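Quick note: the coordinates plus some simple rules give every number you see, no bench work behind them. Worth saying up front: this structure is predicted, and the values here are computed from it rather than measured. Here the Cβ is made from the backbone with ideal geometry for all residues, glycine too, and neighbour counts use every protein chain on show.
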């Protein structure tokens, strides 16, 4: 089939998250990878009683709470709300902190995550070839759009996408149809003429199928398909296989 549009998941599809690129800190006698050290360095001038260990624990707890809320109905918990919870767990009143500190913490945290994203060298040429024949978009579950944009810009491919749709801007996460509909609307494409490519069967494949799109499941480890998900149109081990699927 000749697809007019190809839509991609971001993390673990277009880019790979490498935790070993995250900053290294010592917490409770253990070495861990976390942005908590950078956050603590920014915070301690204004909250000297907050230790690194407390900062690390509050960051993890705020993430777990955000994940719990997201699992209820796939509504996004954007970074500012998560960091309000982070401050609360540290016993801090966000309104009493200096203006701009919360944003500085968000930027430091998301910057660390962005630097841990690896863009495989062969993805750039592939996307450029595809962009010559298809409208491209990114549809990402992420709580802070600037990080997603920065990753794509640093990879030199942001301009190839007619739409970069991130869940914090839409309010809903995959597999909810609202985020897929937003991307298709910006591309001016119908679901039946679009292919979605992603690594998560439960949210990428099932979500795309739910709006009437074909799906290519990126499954490098040959994991079994969950019983709750219908077979995807394609199953691939590497994005390079899209060239054959799409006729290039």
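The reciprocal of the average 1/r between distinct C-alpha atoms defines the Kirkwood hydrodynamic radius, which for the stretch 123-248 equals 14.9 Å.
Of all beta bridges that DSSP places with both ends in the stretch 5-140, some 55 percent have antiparallel geometry. Taking each DSSP H run with n ≥ 4 as -39500 (n - 2.57) and averaging over every residue of the chain yields -11500 deg cm²/dmol at 222 nm.
Counting neighbouring Cβ atoms within 10 Å and putting the fewest first, the residues 242, 42 line up as 42, 242. Of 204, 168, 18, the sequence from fewest to most neighbouring Cβ atoms within 10 angstrom is 18, 168, 204. Over the chain, calculate the relative contact order: mean separation of alpha carbon pairs under 8 Å at least 6 apart, over the residue count, as a percent. Computed over the chain, the figure is 23 percent.
So which residue, out of 20, 235, 65, gets the largest mean-square fluctuation from a GNM of the chain using Cα contacts under 10 Å as springs? Judging by the Gaussian network model, the answer is 20. Checking [x] 1.20; [y] 0.99; [z] 1.08 against Cα Rg over 2.2 N^0.38 Å calculated from these atoms, the matching label is [z]. Averaging Cα coordinates gives a centre for the stretch 1-52 and one for the stretch 58-130; these two points are 8 Å apart. Among DSSP beta bridges lying fully in the chain, give the percent that are antiparallel, nearest 5. Within the chain, antiparallel bridges account for around 25 percent of the total.
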